[in-house]
């Protein structure tokens with residue numbers, strides 16, 4: 001099924017107004033990654049449309065039981081995926097179905113009706129990249145209980161506004177969180193320590209692309225670190241400029257080295273830098 005966009009709008013509303021199809025079914029196609037805009041797969045309800053864009057709906061894809069994102073590794077105990085930006089890792093009170101957990105669970109159940117899935121760690125909704133999920137509770141517990149020992153590398157790539165004062169640096173902070181879920185640096189001793197290391201890998205006129213390693217896994221720690229440097233991450237409306245016009249957060253978890261006890265060795269999971277990051281730097 002094909003459509004050509006004739007006026008501006010958001011994807012879900014546009015499809016609902018232009019197709020003889022229930023909104024619930026349209027949401028299912030989006031959740032399953034069956035909708036493409038200008039040949040790019042999207043799961044975002046609020047994807048911004050402009051006249052001239054082409055929309056393709058793969059109405060057969062739901063029956064194929066494939067994931068709308070890449071599987072980096074899968075065996076009988078874990079599945080490692082490349083989470084897209086804009087997708088929650090687990091459910092909230094407001095969103096139950098459009099989550100990484102729900103999509104992966106449906107995929108596994110389609111192959112085995114007794115399949116289970118457990119979140120081992122999380123990424124922010126707006127951050128894309130590597131996420132590890134377990135297929136049994138024993139594996140989940142073992143990985144979670146030994147996470148800091150098992151993980152020897154957590155690397156991200158980001159695009160930030162402006163040029164950084166130092167080509168590389170280590171940012172050590174103590175972080176607290178407000179009742180409205182805003183994380184901020186503090187000098188209080190009860191703040192949670194956050195260690196963020198970065199290195200500039202490319203600069204353009206307006207932006208810098210940086211490689212980031214974290215030694216701690218605090219909520220929003222990378223975003224807060226670059227806010228403190230006054231070089232907020234592009235697309236970060238929470239810790240940067242709320243008027244930022246970019247539709248995604250330019251932060252991606254691209255490398256994770258994990259000791260996997262089933263194989264008794266380290267495994268390095270890697271994903272490429274998203275194309276949007278490369279385009280904005282040109």
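The values are calculated or read from the model by the stated rules, or taken from the named source; none is laboratory data. Not measured: the values here are computed from a predicted model. In this analysis, Cβ positions are derived from the backbone assuming ideal geometry, glycine residues included, and neighbour counts consider all displayed protein chains.
The criterion of at least 1 residues that are touching a residue at least 40 places away in the same chain (Cβ under 8 Å) and in the same structural domain as residue 125 (by TED's automatic domain parsing) is met by the following strands (runs of 3 or more DSSP E) wholly inside the stretch 11-90: 71-74, 78-83.
The residues listed here are 159, 104, 131; of these, the one that is assigned by TED's automatic domain parsing to the domain that holds residue 235, surrounded by 19 or more Cβ atoms within 10 Å (Cβ to Cβ) and either under 16 Å from the mean Cα position of the chain (by Cα) or within 16 Å of residue 77 (Cα to Cα) (or both) is 159.
Residue count for the stretch 110-142 satisfying the condition of being farther than 24 Å from residue 94 by Cβ and free of Cβ contacts under 8 Å to residues at least 40 places away in the same chain: 9.
State all residues of the stretch 214-249 that are assigned to a loop (DSSP other than H, G, I, E, B) and either closer than 14 Å to residue 197 by Cα or in contact with a helix residue (DSSP H, G or I) (Cβ under 6 Å, 6 or more places away or on another chain) (or both); if no residue qualifies, say none. Steps first, answer last, please.
Looking only at the stretch 214-249, we keep the residues that are assigned to a loop (DSSP other than H, G, I, E, B), and these are 215-220, 229-232, 234-249.
Passing the criteria: 215, 216, 217, 218, 229, 232, 236, 239.
Under the condition of being under 23 Å from residue 251 (Cα atoms) and assigned to a strand (DSSP E or B), the residues counted in the stretch 106-163 number 18.
How many residues are at pLDDT below 75 and surrounded by 14 or more Cβ atoms within 10 Å (Cβ to Cβ) if we restrict to the stretch 48-85? Please lay out each step first, then the result.
Residues of the stretch 48-85 that are at pLDDT below 75, as a first pass: 59-65.
Next, from what is left, pick out any that are surrounded by 14 or more Cβ atoms within 10 Å (Cβ to Cβ): 61-62.
The qualifying residues number 2.
Residue check: is residue 189 more than 20 Å from the chain's Cα centre (by Cα) and assigned to a loop (DSSP other than H, G, I, E, B)?
Numbers: more than 20 Å from the chain's Cα centre (by Cα): yes; assigned to a loop (DSSP other than H, G, I, E, B): yes.
Yes; evaluated as a whole, the condition is true for this residue.
When the residues of the stretch 86-101 are filtered to those that are under 17 Å from the mean Cα position of the chain (by Cα) and more than 19 Å from residue 29 (Cβ to Cβ), the one that is modelled with the lowest pLDDT is 92. The conditions of being surrounded by 14 or more Cβ atoms within 10 Å (Cβ to Cβ), under 30 Å from residue 146 (Cβ atoms), at pLDDT 90 or above and not assigned by TED's automatic domain parsing to the domain that holds residue 274 are met by residue 119. Taking (1) more than 12 Å from residue 162 (Cα to Cα); (2) in contact with a strand residue (DSSP E or B) (Cβ under 9 Å, 6 or more places away or on another chain) in turn, residue 231 satisfies each apart from (1).
Across the stretch 240-269, the number of residues qualifying as touching a residue at least 40 places away in the same chain (Cβ under 8 Å) and farther than 17 Å from residue 163 by Cα comes to 18. Checking each residue in the stretch 247-264 for being loosely packed, with under 14 Cβ neighbours inside 10 Å and either over 20 Å from residue 141 (Cα atoms) or in contact with a strand residue (DSSP E or B) (Cβ under 7 Å, 6 or more places away or on another chain) (or both) picks out only 247.
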